[in-house]
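Okay, structure first, notes after.
Bear in mind that the values in this text are calculations on the coordinates, not laboratory data. Computed from a prediction, not measured in an experiment: that's the story for all the values here. Virtual Cβ from ideal backbone geometry, glycine too; neighbours counted across all protein chains shown.
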Amino acid sequence: MKDRYWLIYLLLVAVQIVLGNFLNLGQLITVCLLPLLVLSLPVKYSTPKVLLITFATAMIVDLLTHGIPGLGTVALLPVAAGRRWIIQAVFGDELYARGEDLSVHKQGVPKIALAVLLATAVYFAVFVWVDAAGTRSLGFCTLRWLLSTLVSTLLEILLLWK
C-alpha cells in the first residue's frame, strides 16, 4: 500500500509537469495540483519532513516546467507549513490523535473539498502575489487568484473522486 501511494504521488507530479508545460488557459488561470499532494502526505510526518518533501517536489516541478524557477516552491512552502493547521481546522484533532491519514471514504467529500480549497487558496494567494510583484493591478490579481483557485480546486476534487 505504501509503494502504491508513492507511485500515485509521482504520477501526479508528472501530471503537474505536463499541465505546466502544455496547458495554457491564459493569464488569469493557472492550474496546480501540488496543494493536493501536500495535503495527501501521511499525517504521521512531522512538519519539517513535510517541508522537505514539499520543497523537493516543488523544485522538481519548477525546474521541469516553463515559468519562473522557484515561484511554485515559494508558494507551496506556506501550504506545507500550515498543513497541520488546515487539517485541524477542518477535521479537528481526531486525525492526529488516531494517526489516520486523510481519506475521502472516512472524512467525506465535503470536508476534504474544504481542506483542498483552503490549501489551494493559500497557494495561489502567495503565487499571485509573488508573480505580480507589484506590476499588476489589485483587480487583476484578485481575479487571477479566484479563477486559479476555483479551477485548480475543481480539478483536485475530480482527482479525489474515484
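Compactness ratio of the chain: Cα Rg over 2.2 N^0.38 Å, N = residue count? Each step should come with its number before you reach the end.
Working: Rg = 15.2 Å, N = 162, 2.2 N^0.38 = 15.2 Å.
That ratio works out to 1.00.
Taking 7 Å along the Cα-to-C-beta vector as the label spot, tell me the residue 129-residue 111 distance in nanometres, rounded to one decimal.
2.9
Can you tell which of 35, 110, 78 shows the greatest fluctuation in a Gaussian network model of the chain with Cα springs below 10 Å?
Answer for the Gaussian network model of the chain: 110.
How much FRET efficiency would the formula 1/(1 + (r/R0)^6) give for residue 56 and residue 101, where r is the Cβ-Cβ distance and R0 is 22 Å, rounded to 0.05? Intermediate values should be presented prior to the final figure.
Numbers: r = 20 Å, r/R0 = 0.91.
Efficiency computed from Cβ-Cβ geometry: 0.65.
Under a crude label model (7 Å from the Cα following the beta-carbon direction), how far is residue 146 from residue 64 in nanometres?
With each label placed 7 Å out from Cα toward Cβ, I get 3.5 nm.
Among 116, 15, 31, determine the one that fluctuates most according to a GNM of the chain built with springs between C-alpha atoms less than 10 Å apart.
So, out of 116, 15, 31, the one fluctuating most is 15.
Length gain on complete extension for the stretch residue 21 to residue 93, per 0.36 nm per residue less the alpha carbon to alpha carbon distance? Show your work: numbers first, answer last.
Working: separation 72, 0.36 × 72 = 25.92 nm, distance 3.86 nm.
Length gained, residue 21 through residue 93: 22.1 nm.
With springs only between Cα atoms under 10 Å apart, run a GNM on the chain and tell me which of 56, 97, 81 wobbles the most.
Of 56, 97, 81, the most mobile in the Gaussian network model is 97.
What full-extension length gain, to one decimal in nm, is calculated for residue 9 and residue 159 as 0.36 nm per residue of separation minus the Cα-Cα distance?
Details: separation 150, 0.36 × 150 = 54.00 nm, distance 1.20 nm.
Roughly 52.8 nm would be gained on extension.
Would you be so kind as to identify which of 145, 96, 66 lies farthest towards the positive end of the dipole of the chain, taking Lys and Arg as +1 and Asp and Glu as -1 on Cβ and the Cα centre as origin?
96
Once phi is turned into ³J(HN,Hα) by the Karplus curve 6.51 cos²θ - 1.76 cosθ + 1.60 with θ = phi - 60°, what whole-Hz value does each residue of segment 142-158 show in order, with x for glycine and proline?
Working through the residues one at a time gives 5, 5, 5, 4, 5, 5, 5, 5, 5, 5, 5, 5, 4, 5, 5, 5, 4 Hz.
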